[in-house]
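Laboratory data are not the source of any read-out in this text; all were calculated from the coordinates shown. Note that the structure is predicted; figures quoted are calculated from it, not measured. We place every Cβ from the backbone using ideal geometry, glycine too, and count neighbours over all the protein chains shown.
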Amino acid sequence: MIVCIAEKPSVARDIAQVLGATTKREGYIEGNGYRVTWTFGHLCTLKEPHDYTPQWKGWDIYKLPMIPPRFGIKLIENQTYQKQFKIIESIVRQAEMVVNCGDAGQEGELIQRWVLQKAGVKCPVKRLWISSLTEEAIKEGFNNLKEEADYRSLYEAGLARAIGDWLLGMNATRLYTLKYGRSKEILSIGRVQTPTLALIVNRHLEIENFVPQAYWELKTTYRDTVFSAAKGKFTSKEEGEEFLQKVVQNDFTITDVTHKKGTEYAPRLFDLTSLQVECNRKFAYSAEDTLQTIQSLYEKKITTYPRVDTTYLSDDIYPKCAGILNGLADYQHLMQPLRGKKLARSKKVFDSSKVTDHHAIIPTGVQPQNLSDMERKVFDLIARRFIAAFYPDSKVSTTTVLGKVDGIEFKTSGKQILEQGWRVVFAQPGTQQEKEDGQEADAEKTLPDFKAGESGPHIPDLQEKWTQPPKPYTEATLLRAMETAGKLVEDEELRDALKENGIGRPSTRAAIIATLFKREYIRKERKNLHPTQTGIELITLIKEELLKSAQLTGIWEKKLRLIEKREYQASQFLQELKDMVTEIAATLAFSAIQNNDKIGVIFFSDRIEKFIPPKKGRKHILYIIRELLDFKPESKRTDIKMAVEYLTNVIKKRCVTFMLSDFIDENDYKNALTIANRKHDIVAIQVYDRRLAELPDVGLMKVRDAETGHEQWIDTSSAKLRNAHHAWWKERQALLSETFTKCNVDSVSVRTDQDYVKSLLNLFAKRS
């Protein structure tokens, strides 16, 4: 019997129908060798602080930071959820195979894997990966079930995101609430939420502090056409009037007329963000409203998977496009120019290299029925974009006209559409002319037929104007700012390049904005977003740039995406080491702030990789932590003797030095360490992985020397081999302990899967 687990009951019903499972049971549908069950989105979540220790139940600033030695999950405390989980747990125990039918994205992968993990699934697990819920797509998906391991990186990225959000949100929220919260007010801090609020607050402050400046523009009207002076803006009225007096006495002469023909391409297909932007601009829909609407269209099998961040289609979609177009019965009048012709295959539409998990949002070809007004409008946008992608390019001619009066140059320009091309798709009776990304796509200024050399009377005018403050964010412009980490970018190509550094994900941005409203950090006036006084005060209170920087949050987001793509992976051993060393270093650095101490860092391998001289202050500490997170050494080897000699030479005043290493170095460094410890107070912190101490019994295993790169197969099922390895480790540790004792160096050993805080506290207690 095969168990299929979907993310919603409605999706489970669709899958069950295709599989021939028709018998309804409590919590699942069965038949034809299948049992199809469902979750309700998240059934599990990360454990709360008090689940790890009773000490974290109460909010106490002296109990921060809260860093569990190992993160765990639990069922959400909801009777309906818990009842459904019991059903899932029961039927998967009887399963020969489980099919993960969750939403095909990072969040869907995390939701389902947590449930499977909590249920203790032991049988093989396959993955259903589809981009629409049509019968054809579901059948094709089950005929090509994927291996669970293929999506391991997607789960790891989702898990990293969840843990990162927990660490920051739980600790920062408690810290700022306890320090600055009034009465029972909770000051909520979040990895994405806070930088987004900072964007809105900073824009508000820019507007509030804006001082308008007067300027003057010289224009003249010739043959009912307005020309602007090439000089541009005048910062003083006197200068502008001086130019005005020169031109008022003389005729206007056309000096040059230039016609330049060009091509304009159809608007890009929609990803989720651009759809939310367009719906906000055209219909004033909120990002959350648009997301719910497109999710509904997806579940009705009318459009493809919505939570996407690409505007491209993969090449394998091209053969299906003719069938999709034929299915759009309400748009058949637009198909006439395409009939009898091979469909266009533009690289701006079809590019598999620009598609990862899912392609752009397009119709499925299923005829829409019984749509709400909102669904109808959103579907119309998607359908027209898709149809326009196969139309010819639009041909335009841009005309630039130059003129002169008494040596003063003027200019005007206009555009003429020579061939409508794709524009006819958006120019149907009763529809609004298409606008793309805030620009009037069809704005057209028709110019008279000017000839070079002609001249005549004109009407000059000096206009006083004032500089304008930046505009408040709307949901549309805020979504764009989140997409590009706060950078204002109009160019589509450049915007695509910045997407990897965006704040949040397309699927979460709407929820983040909704959360800011819910917590009364922002408010809306017409379409404009403004921070509340609470929102302003919160951002003002936060001094750590890491917590509110859109750019830094974007960097974090990029690394999570690279994990998905398997482009940002070290071995588990090295990653655990790095994480632990970084945490320890950051803890020590922040504790030093309390004493107003200077902090410096020496990064070393078998050479000095980087030296950051000691300084005071939070900004310096944050810089060090960023380096700890991002720095990549040139070498993978170790030379401790060289490092401590460098310390002795470069740091003249006595200092406390925490030396973090695994201390695996075959060279003798005892003498150098002794000399260094006479001048400074050295504390050795050995960080090691448990697999160094004890090999697991897992059979044949490929091992790799992290320093030399040498690889070899070993048989860990051999007790003799495991015992020999453990004996080597014990001997090494004994020698290391002897070395530290002889050098009079305080030391502590920390295993990466254990709580280092306790070990450090014990060490400090001994030293005090």
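Of the trypsin sites (Lys or Arg not before Pro) in segment 3-64, the ones in a loop by DSSP (not H, G, I, E or B) with at most 13 other beta carbons within 10 Å are Lys57.
Can you pull the percent of Cα pairs in segment 121-232 with separation above 17 Å? Present the calculation step by step, with values, prior to reporting the outcome.
Details: 4887 of 6216 pairs.
Pairs farther apart than 17 Å: 79 percent.
Modelled spin-label separation between Ser352 and Glu147, with each label point placed 7 Å from Cα along the Cα-to-Cβ direction: 2.0 nm. Ordering His710, His725 by the number of other Cβ atoms within 10 Å of each residue's own Cβ, fewest first, gives His710, His725.
For Thr474, the residues whose modelled amide H falls within less than 5 Å of its own, excluding neighbours fewer than 5 places apart on the same chain, are Leu529. Counting only alpha carbon atoms, the long axis of helix 106-119 and the longest principal axis of the chain meet at about 30°.
Between the alpha-carbon centres of segment 23-93 and segment 612-631 there is a gap of 39 Å.
Within segment 446-481, list the trypsin sites (Lys or Arg not before Pro) lying in a DSSP loop whose Cβ has at most 13 other Cβ atoms in a 10 Å radius. Numbers along the way, then the final one.
Details: sites: Lys451, Lys465, Arg480; in loops: Lys451.
Hits after loop and neighbour filter: Lys451.
Taken along its three principal axes, the alpha carbon spread of segment 2-151 comes to 58, 31, 25 Å, from the longest extent down to the shortest. Under a 5 Å amide H cut-off, with hydrogens placed 1.01 Å from N, Met97 pairs with Val3 among residues at least 5 apart or on other chains.
Size descriptors for segment 153-201 (Cα atoms only): Rg and Dmax, in that order, 13.1, 44 Å. Among the GluC sites (Glu not before Pro) in segment 1-88, those located in a DSSP loop and surrounded by at most 11 other Cβ atoms within 10 Å of their own Cβ are Glu26, Glu77. How would segment 272-390 be classified by its alpha-carbon gyration tensor: rounded, prolate or oblate, with rounded meaning a/c under 1.5 and the a/b versus b/c comparison settling the rest? Oblate shape, in that a/c is at least 1.5 and b/c is the bigger or equal ratio. With angles folded into 0 to 90 degrees, how steeply does helix 79-92 sit against the dominant principal axis of the chain? Use alpha carbons for both and round to 10. Here the helix axis deviates by roughly 70 degrees. Computed from the C-beta positions of Glu239 and Tyr623, the FRET efficiency with R₀ = 45 Å rounds to 0.45.
Close amide H pairs (under 5 Å, H built 1.01 Å from N) link Arg25 with Glu30, residues at least 5 positions away or on another chain.
Restricting the count to DSSP beta bridges whose residues both fall in the chain, what percent are antiparallel, rounded to a multiple of 5? Can you show the working numbers first?
Working: 70 of 96 bridges.
Counting only bridges with both partners in the chain, antiparallel ones make up about 75 percent.
Need one word for the chain: rounded, prolate or oblate. Basis is the Cα gyration tensor (sqrt eigenvalues a ≥ b ≥ c); a/c below 1.5 gives rounded, then a/b vs b/c decides. It comes out oblate by the Cα gyration axes. Here each label is just a point 7 Å from Cα along the line to Cβ, and for Lys465 and Leu343 those points are 4.5 nm apart. Applied to segment 150-158, the Karplus parametrisation 6.51 cos²θ - 1.76 cosθ + 1.60 on θ = phi - 60° returns per-residue 3J(HN,Hα) values of 4, 10, 4, 5, 5, 5, 4, 5, x Hz, with x for Gly and Pro. For the chain, the longest principal axis of the Cα atoms and the long axis of helix 618-630 meet at an angle of about 80 degrees.
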